[in-house]
Amino acid sequence: MGNQEPASTRRVAGLAARIAVALVFALNVQCAVSFVLWPGAYAGGFELEGVPGAAAVRGLGVAFLMRNATYPAVIANPRRFRALYAVVLVQQAVGLAGESWILLSLPAGHAALAASIVRFIAFDAAGLVLMAAAFAWLALADRHARPR
């Protein structure tokens, strides 16, 4: 039983890492696709309108897709792509820090914009915590499974 427990823990930790990254990936891609296909539905939340607003929102969608290009390899094999998993966490942290800075730099009178940014902050913070916890569990499970 002692020898099977580390293997089982490693398997579950790997699955948890896949699920955590896949969940964040799926939500990011859903948001990105929505921004690209229906920018008018979101432009007002960024205090934008018309053709320039649609182009800006579509640009955000494309940037989200670019940012998430690293996720599928991590989902496929978080152990093999552990360094890439670390990159995913850094990307998430950079997004969270940038969004927080943008929010803090907004002058008063931009409630719709602030509310949109707060939603991104909440999602990115939750995603970072979820994926970092799974990354830590994966690392710990692998460390404890190594012969000493």
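Label-to-label distance, ARG82 versus ARG67, with points set 7 angstrom from Cα along the beta-carbon direction: 2.7 nm. Translational diffusion of the chain was estimated from the Stokes-Einstein equation, with Rh taken as the Kirkwood radius over Cα pairs; at 4 °C and 1.567 mPa s the coefficient is 77 µm²/s.
Where is the GNM fluctuation largest for the chain (alpha-carbon springs, 10 angstrom cutoff): ALA13, ALA83, ALA32? Maximum fluctuation in the GNM of the chain, among the listed residues, is at ALA83. Across region 1-85, Cα-Cα pairs farther apart than 17 Å form 58% of the total. A simple charge model with +1 on the Cβ of Lys and Arg, -1 on the Cβ of Asp and Glu and nothing else charged puts the dipole of the chain at about 880 debye relative to its Cα centre. Toward the positive end of the charge dipole of the chain, about the Cα centre and with charges on Cβ (Lys, Arg +1; Asp, Glu -1), which of GLY45, LEU65, PRO78 goes farthest? With unit charges placed on the Cβ atoms, the residue in question is PRO78. In the context of the full set of protein chains, region 20-131 has a per residue accessible area of 53 Å² (1.4 Å probe). Do you know the relative contact order of the chain, to the nearest whole percent, from alpha carbon pairs under 8 angstrom that are 6+ apart? After rounding, I find 33 percent.
Membrane-span-like helices in the chain, defined purely by DSSP H runs whose alpha carbon atoms cover 30 Å or more axially and whose average Kyte-Doolittle hydropathy reaches 1.0, are 4-37, 82-105, 111-145. To put it simply, the accessible area of the chain at a 1.4 Å probe is 71 percent carbon and sulfur.
Computed on protein heavy atoms with a 1.4 Å probe, the accessible areas place MET131, MET66 in the order MET66, MET131, largest first.
The values are calculated or read from the model by the stated rules, or taken from the named source; none is laboratory data. Predicted model only: the values in this text are computed from it and were never measured. Cβ sites come from the backbone with ideal geometry, for glycine too, and all protein chains shown count toward neighbours. Side chains included, ligands, DNA and RNA excluded: accessible areas come from the protein's heavy atoms. Shrake-Rupley method; radii C 1.70, N 1.55, O 1.52, S 1.80 Å.
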